[in-house]
Amino acid sequence: MNRLFLAAAMLAAILTATIPFGYALSPATAQEQPEHEVTVTASDEAGEEIPGMWVSIRLADGEYFGSGYTPLVFPGTPGETYIIKTEDYDGVRFQGWEDGSTNSTRTVTLATDTNSTALDASYDLGESMRGTTPITYEDGGPSLTVEAAMGNQTLNIWTVIDRQSSTESEATYTVYAGNYQNHTFASWDDGDTNRTRTLTISENTTITAEYVEAEHTIVIPFGAFDPANPPYEPAELSVEKGDTVVVHNVDVAPHSVTSGTGPEDATAANAFETGLMFEGDYAHIETADLDAVEYDYYCFVHPFMTGKLTVTE
Ligand SMILES: [Cu+2]
């Protein structure tokens, strides 16, 4: 079974079970019962749901509210305005919303006479193919097979193959290798270290993404939702620029690692953001594009949870 579909199905089940009365995404709604449930889904041209598209949400004043992968459900406040932004993902490109609007950033004011809002973003899959390894793009010209391994262990990782062009004798593909649990992408078997790469082939070809254990881990420990308990372990971590930090939520509550000092920070989530992480979830923070400075971070579900990540040259 497709791992992402499975994850999305589980996520949907957890969201349905957890969100309506369990917690709120921001302090603004924490004091109130959520009265209005907002669902953001993604679908392709044929109307098939696409799980795993990244969506972020801000309040009308620009304050960061939260983010996560579709299908995303969040408790909203009637009458409140939310700014919802979709992101393209390699060959998968945003097309428009179910109301016909085509701006990837959408402003929605929640009605006061209904208690749910369903938003659906449609995407053009183009010539792309999404799935878990091993996966083969085969359509006329030379085929490309993507595999993944750590040592001699075969991995089933999330990947996207985007076909740029093809003839009978030659094809050009862009491929992407995602991170997986506590594994981090190291290189392709031909030595290329770009996570996203474009290659032109003239015969059927197999390439393997090679993984290593991530250099650093931040665990969100059991009980982290309680201010009396440690929020992150370690709460302060120093890494070398380029290292990957794996975040693992072992708590029963959903959490995030969001850069910034808190929801009122205008730069919140600008440097890094895991999105909403449920029990058992992993996320990865890539530091190659960060500055060599100290970053504060917090949890957008529980802003009292804070930590520091220091990046050194
Ligand atoms: Cu939290």
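Kindly provide the set of residues from the range 118-133 that are modelled with pLDDT under 95 and either farther than 25 Å from Y176 by Cβ or assigned to a loop (DSSP other than H, G, I, E, B) (or both), ordered by number. Listed by number, the residues that qualify are L125, G126, E127, T133. Check whether at least one residue in the range 272-279 is buried (at least 18 other Cβ atoms within 10 Å of the Cβ), away from the ligand (no atom under 13 Å from the Cβ) and among the aromatic types (F, W, Y), and report yes or no. Within the range 272-279, one or more residues are buried (at least 18 other Cβ atoms within 10 Å of the Cβ), away from the ligand (no atom under 13 Å from the Cβ) and among the aromatic types (F, W, Y). A search for C-beta distances below 9 Å between a residue of the range 292-303 that is away from the ligand (no atom under 16 Å from the Cβ) and any residue that is assigned to a loop (DSSP other than H, G, I, E, B), counting only pairs 6+ apart in sequence or on different chains, returns A292/K241; A292/E313; Y295/G260; Y295/A271; Y295/F272.
Only one of D113, D99 is over 30 Å from I201 (Cβ atoms), in contact with a Leu (Cβ under 9 Å, 6 or more places away or on another chain), modelled with pLDDT of 90 or more and exposed (fewer than 13 other Cβ atoms within 10 Å of the Cβ). Can you tell me which?
Only one candidate passes the filter, namely D99.
Taking the range 152-173 as the range and being assigned to a loop (DSSP other than H, G, I, E, B) and either out of contact with any strand residue (DSSP E or B) (no Cβ under 9 Å at 6 or more places or on another chain) or at pLDDT 95 or above (or both) as the test, the residues that pass are N152, T167, E168, S169, E170.
In summary, T193 fulfils each of the numbered conditions (1) within 16 Å of the ligand (Cβ to nearest atom); (2) of a type in the set (V, I, T); (3) not in a strand (DSSP E or B) with the single exception of condition (1).
Of all the strands (runs of 3 or more DSSP E) wholly in the range 201-260, which have at least 2 residues that are without any contact (Cβ under 8 Å) to a residue 60 or more places away in the chain and away from the ligand (no atom under 14 Å from the Cβ)?
216-220
The values are calculated or read from the model by the stated rules, or taken from the named source; none is laboratory data. Remember, predicted model here, so these are calculated numbers, not experimental data. Cβ atoms come from the backbone with ideal geometry, glycine included; neighbour counts cover every protein chain shown.
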